[in-house]
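The values are calculated or read from the model by the stated rules, or taken from the named source; none is laboratory data. Just so we're clear, the structure is a prediction, and the values are computed from it rather than from any experiment. Cβ placement follows ideal geometry from the backbone for every residue including glycine, while neighbour counts extend to all protein chains displayed.
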Amino acid sequence: MPTSRPVPAGCAAGWPARAARRAAPLALFLVLLLAGCSTVPPGGAIFAARGQSEADPLGEPYVRMLVAPPKQNGTPAEIVDGFLAAAASPDDPQRTVARRYLTGDADRTWSPFDGTTIYEGRTVSDGRGEDLPQAHVTLKGTVLGTLDGDGHYVLTDASAGSELAKGFTLVRVNGQWRISSAPSGLLLSEDDFKRGFRPFDVYFAAPRWAGLVADRVRVRVDPAEGLAETLVRKLLDGPTKPMRGAVDSAFSGVDVNGVSVEENSVVVDFTYAVVDSAADAGRRALGAQLAWTLKPLTEARRIEVRVNGEQFPGGAFVIDPRDYDRFDPDVLPSGTAAYYPKDGRLHSADGKSDNPLPLGDGAAAGQYTEFAVSGSGGDRPQRLAALSRNGGVWVSAMGAPARWERWIQGQGLTPPSFDRYGDVWTVARQGPRRSQVLRAADASRQYPVRAPDIETADVRAFRVARDGVRVAVVCSDEHGQRVLIGYIDRGGWSVGNFRELVPAEKGQQILDVAWQDADTLWVLTNKHGSDGELTPWSVTQGVRADSKVAARVERIAAAPGDSPLLVLNSGGELAAWNAQKSRWESLVKKGAGPPVYPLG
């Protein structure tokens, strides 16, 4: 479907020559080469992409688009197109030019801040005669996604589709068409959205301050404020709606006065409430959120926290981002080894430090399947969890000999999953469309956890992400088999705010899922018994990257950084993906069981 405004003739071959003949400045020609052609209504202008400047030394380049006021004697369709372009301009955050397309009454009632809709489509006029006192124009197309007021972007399910039909009413004011009724909120074409918003991660605290959790937001380009200050304000506003209740923040009641650069330091000037926040949560916690949130912009610069323009009380508060690496939301260090069972023992998949761990004595060695490995560090020993053929989830310390304890009872349980706190999770399938999430911290007691959205579904897999907040669920219901993403609320002990990541498709089977990092979930699927597909999905953006053919693959395991993607093929062959050579390399020819990374 075409975009809302046609590509201007300047994007065709020969544009530079024609521009030269019009005596356009050489600077404009260079901008078009650097930034590509941008869509503007007649009379608009594109200025040089502004990079690091005195106004915003931490900002990213963006294409300035100074749009035109209403065209003299413009048709109703031209007026609506001009209004949409003006409202989309990042250089006019108050939409002063866009309001010139409105009547006085419409100007008083229209609000650009009532949500944002991203679309693919075009305007269609009702075709009524120009001599009539009123005209109607409709923006028709498809909704691609919506942006909440807190910056959370929700991609529209492409399989379901969402028709767009937004109507505009126009009347004559002093002989010129003006919009008397316009839909509230912003309507942005996909190009306008990419031009005016940037995706960034804002970081909040995992419960008990176990580390950080990334919350992906879309940040509006605001040349007057500066990107770094906008990001800090997003941090102070708190998490987006899906993550409320699942994460904490060291900032409480704090506002920011401004962000500036002084020599090799970034200075963030807060109101006095930051002193109380640092006292309550600690400087370390507050510094971790700030360092990771500003990391894409500050590079190697240190960050200094000031209070109302003065040094932090009690001495300078300076943050070196390198001191906060341990707060990495991916938890695992790069290069972490995976494990796999074979011949009654648990082996390391790196082939270098393999010291097989006995899984039990004699016949007991074969009674455990579907292993999970906890994280390591702190005062908790690294543990191994598994399903027992006799029922329940059993847990053992990672040592020899293995001594197993039953932490969760029951039959029909999904494979266990450890969280970063050492708790083990599973789902009891209690009957057709009846599921119960269960959690245990030790062998003394198991706890049911509320999860209303999946309790009436058949759950095949329940995987807690390494950040300890997100979960991936493979389930079947009236929609078919699909993957949902939810969030753990440890305050009220529930799992909710589910949304669909991988939609159901006819004939599609979801064979396995594996978390790679805080944002990437690998999904193994096949259709109608054909060769499978192995696809990485961005959980925060809801989009998929290129798939790999997964012939004979039955199970998968993934981890952050340099740790390779692992697959188990039919016949017990374990293979690793060599990213440099773009090929699979066999690690174990046969007899291996499903591979597993810690906290996978």
Quiz item: Out of all the residues in segment 578-589, is one or more within 30 Å of TYR447 (Cβ to Cβ), outside the structural domain of TRP292 (by TED's automatic domain parsing) and of a type in the set (D, E, K, R)?
Solution: no
Quiz item: Taking segment 450-487, which residues are of a type in the set (Val, Ile, Thr) and either within 23 Å of VAL543 (Cα to Cα) or crowded, with 19+ Cβ neighbours inside 10 Å (or both)?
Solution: ILE454, VAL459, VAL464, VAL469, VAL471, VAL473, VAL474, VAL483, ILE485
Self-check item: Qualifying residues in segment 93-109 (those that are of a type outside the set (Lys, Arg) and within 12 Å of PRO69 (Cα to Cα)) - the one surrounded by the fewest Cβ atoms within 10 Å (Cβ to Cβ)
Solution: THR96
Self-check item: Filter pass, ARG490 being in contact (Cβ under 8 Å) with a residue 60 or more places away in the chain, touching a Pro at 6+ places or on another chain (Cβ under 7 Å), closer than 24 Å to ASP328 by Cα and buried (at least 17 other Cβ atoms within 10 Å of the Cβ)
Solution: yes
Quiz item: When you go through ASP320, ASP328 one by one, which is the residue that is free of Cβ contacts under 8 Å to residues at least 60 places away in the same chain and either over 30 Å from ILE485 (Cα atoms) or surrounded by fewer than 22 Cβ atoms within 10 Å (Cβ to Cβ) (or both)?
Solution: ASP320
Quiz item: Just for segment 409-462: of the residues that are in a loop (DSSP other than H, G, I, E, B), at pLDDT 95 or above and among the hydroxyl-bearing types (Ser, Thr, Tyr), which one is farthest from THR369 (Cα to Cα)?
Solution: SER444
Quiz prompt | Failed condition for GLY529, given (1) in a loop (DSSP other than H, G, I, E, B); (2) in contact with an Asp or Glu (Cβ under 9 Å, 6 or more places away or on another chain) | solution = (2)
Practice problem: Of the numbered conditions (1) closer than 27 Å to VAL567 by Cα; (2) assigned to a strand (DSSP E or B), VAL495 fails exactly one; give the number of that condition. | Solution: (1)
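Residue-by-condition table, conditions (1) surrounded by fewer than 20 Cβ atoms within 10 Å (Cβ to Cβ); (2) farther than 17 Å from PRO329 by Cβ:
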site: PHE204; (1), (2): no, no
site: ALA210; (1), (2): yes, no
site: LEU235; (1), (2): no, no
site: ARG244; (1), (2): yes, yes
site: SER249; (1), (2): no, no
Quiz item: If you go through segment 557-576 one residue at a time, do you hit one that is assigned to a loop (DSSP other than H, G, I, E, B), of a type in the set (D, E, K, R) and over 18 Å from ASP330 (Cα atoms)?
Solution: no
Quiz prompt | Within segment 127-149, tally of residues that are touching a residue at least 40 places away in the same chain (Cβ under 8 Å) and within 12 Å of ALA77 (Cα to Cα) | solution = 5
Self-check item: Only listed residue being of a type in the set (S, T, N, Q), surrounded by 13 or more Cβ atoms within 10 Å (Cβ to Cβ), at pLDDT 85 or above and assigned to a loop (DSSP other than H, G, I, E, B), chosen from THR336, THR293
Solution: THR336
Quiz item: So which pairs qualify, if the first residue must be in segment 274-300 and not assigned by TED's automatic domain parsing to the domain that holds ASP248 and of a type in the set (Val, Ile, Thr), the second must be in a helix (DSSP H, G or I) and modelled with pLDDT of 90 or more, the Cβ gap must be under 7 Å, and the two must be at least 6 apart or on different chains?
Solution: none
Exercise. Determine which member of the set PRO90, PRO112 is surrounded by 14 or more Cβ atoms within 10 Å (Cβ to Cβ), under 24 Å from THR540 (Cβ atoms) and not acidic (Asp, Glu).
Key: PRO90
Quiz item: Among SER586, SER538, which is surrounded by fewer than 19 Cβ atoms within 10 Å (Cβ to Cβ), under 29 Å from the mean Cα position of the chain (by Cα) and among the polar types (S, T, N, Q)?
Solution: SER538
Quiz item: Within segment 115-153, which residues are surrounded by fewer than 21 Cβ atoms within 10 Å (Cβ to Cβ), among the small types (Gly, Ala, Ser) and over 24 Å from ARG499 (Cα atoms)?
Solution: SER125, GLY127, GLY129
